[in-house]
Amino acid sequence: MSEPQSALLLRKQLAELNKNPVEGFSAGLIDDNDIYRWEVLIIGPPDTLYEGGFFKCHLYFPKEYPLRPPKMKFVTEIWHPNIDKNGDVCISILHEPGDDKFGYEKASERWLPVHTVETILISVISMLADPNDESPANVDAAKEWREAYTEFKRKVARCVRKSQEQEEC
Amino acid sequence: MGNCFKRSTTDDISLLRGTDSVRETSSDPVGPPSYQEALSVQSTPPLYHPSPSVTRSVTQLTEEEQIKIAKRIGLIQHLPTGKYDGCKKIRECVICMGEFMVGDALRYLPCMHTYHVTCIDDWLMRSLTCPSCMEPVDAALLTSYETN
Ligand SMILES: [Zn+2]
Ligand SMILES: [Zn+2]
């Protein structure tokens, strides 16, 4: 029964989240036998365009976690500048730190081995409330967010509605 | 010797930690990291990370990368280590989320943050920054060299 440290760490986090759930999301595994693949349901944060929505996401952890970050993907359709059209989330804390020599000032925004499912989800939820249009993953959504906000709102509202229907069935 | 995960109790935490950590390869956990040994012996080629997202075995490294890694190992070796003595001020290693057990091999960074040697060394080999406060470890060390 020699499990890698990454599996133990993830198991510990899962147990902790089951015991003390965090507001804004619920977390579990896609397949109970695979601790490296998580399914998370994000509740659209109040007072944002995503309020009322239920967004299912998957997190894929590498065996080298926590030295390397997981990948995160929205399974539920979502319209957001920092989530590409395939659902892949693009935020700086999920990027590995760059070369040491040049990356000091940005190190705080990059991946660190102290990040947990909880801190990742908190960042993603705050990203929903507050998009970063400097490095958009969905260029069209970013453009709309800046220049055609009414159209942006309409698309988000459609995703929220769809996500509610999916949750019901 | 060589096992910082002492199983003196059978509470939840020691059970969660299970048996030996997979990275527990050093014969002397408080001494220099095993990387250097590995670099010179090369019996089972270890993996190196010239950049955090790049993984290579020693034979695939360019000369420049070898120098960089050797320098990095040198820097890491200059960071003080010790054994956890049960001091209440520090309790947990935030990388593995495990509580320190008396006798665990610890490494102290210049910013005063403390981790298991095995946990932090793997990270420092990828990025020379403290995971808690993001302070660059080598810059702090270089200033201390200069003032000495
Ligand atoms: Zn640790
Ligand atoms: Zn620190």
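Descriptive notes on the structure:
- Per-residue Karplus couplings for region A:134-141, computed as 6.51 cos²θ - 1.76 cosθ + 1.60 with θ equal to phi - 60°, are listed in order as 6, 10, x, 8, 10, 4, 5, 5 Hz, Gly and Pro entered as x.
- Spin-label pair B:Gln77/A:Arg158, simplified geometry with 7 Å Cα→Cβ offset, distance in nm: 6.2 nm
- Between B:Ser53 and any residue 5 or more places off or on another chain, the built amide H atoms are never under 5 Å apart.
- At R0 = 22 Å, FRET efficiency that the Cβ-Cβ distance of B:Asp85 and B:Met112 yields, to 0.05: 0.85
- Using the Cβ-Cβ distance between A:Lys73 and A:Tyr149 with R0 set to 30 Å, the FRET efficiency works out to roughly 0.70.
- Square roots of 5 times each gyration tensor eigenvalue, C-alpha, region A:1-93, largest first, Å: 25, 16, 11
- In percent, rounded to a whole number, the relative contact order of chain A is 21, using alpha-carbon pairs under 8 Å and six or more apart.
- Among the residues of B:126-134, the average count of other protein chain beta-carbon atoms within 10 Å of the residue beta-carbon is 6.
- Number of partner chain Cβ atoms within 10 Å, mean per residue of B:52-60: 3
- Under the convention that each Lys and Arg Cβ holds +1 and each Asp and Glu Cβ holds -1, the size of the dipole of region A:26-80 around its Cα centre is about 260 debye.
- Taking 0.36 nm per residue of separation and subtracting the Cα-Cα distance, full extension of the segment from A:Ala129 to A:Gln166 would add 11.1 nm.
- Rule-of-thumb Rg ratio for region A:5-168 [Cα; 2.2 N^0.38 Å; N residues]: 1.05
- Simple spin-label estimate for A:Asn18 and A:His95 in nanometres, 7 Å along Cα-Cβ: 3.6 nm
- For region A:51-91, averaging the sequence separation of C-alpha pairs within contact (under 8 Å, six or more residues apart) and dividing by the residue count gives a relative contact order of 33 percent.
- Translational diffusion coefficient (Stokes-Einstein; Kirkwood radius from C-alpha pairs) of region A:46-94 at 10 °C, 1.306 mPa s, in µm²/s: 132 µm²/s
- In a reduced charge model with +1 at each Lys and Arg Cβ and -1 at each Asp and Glu Cβ, chain A shows a dipole moment near 160 debye about its Cα centre.
- Acute angle (nearest 10 degrees) that the helix A:5-19 long axis makes with the longest principal axis of chain A, alpha-carbon atoms: 60 degrees
- Across region B:75-86, computed HN-Hα scalar couplings (Karplus, 6.51 cos²θ - 1.76 cosθ + 1.60, θ = phi - 60°) run 4, 4, 5, 7, 7, x, 10, x, 10, 5, 10, x Hz from first to last residue, x flagging Gly and Pro.
- Non-local Lys pairs in region A:1-93, i.e. 8 or more apart or on different chains, that have alpha carbons under 24 Å apart: 12
- For B:Thr129, distant residues with modelled amide H under 5 Å away: B:Val137
- Here's the list of lysines a cross-link from B:Lys71 could span, going by alpha-carbon distance under 26 Å and ignoring same-chain residues fewer than 8 apart: A:Lys101, A:Lys106, B:Lys83.
Coordinate-derived values only; no laboratory data. Please read these numbers as outputs of a predicted model, since none were measured by experiment. Note: ideal-geometry Cβ built from the backbone for every residue, glycine included; neighbour counts use all protein chains shown.
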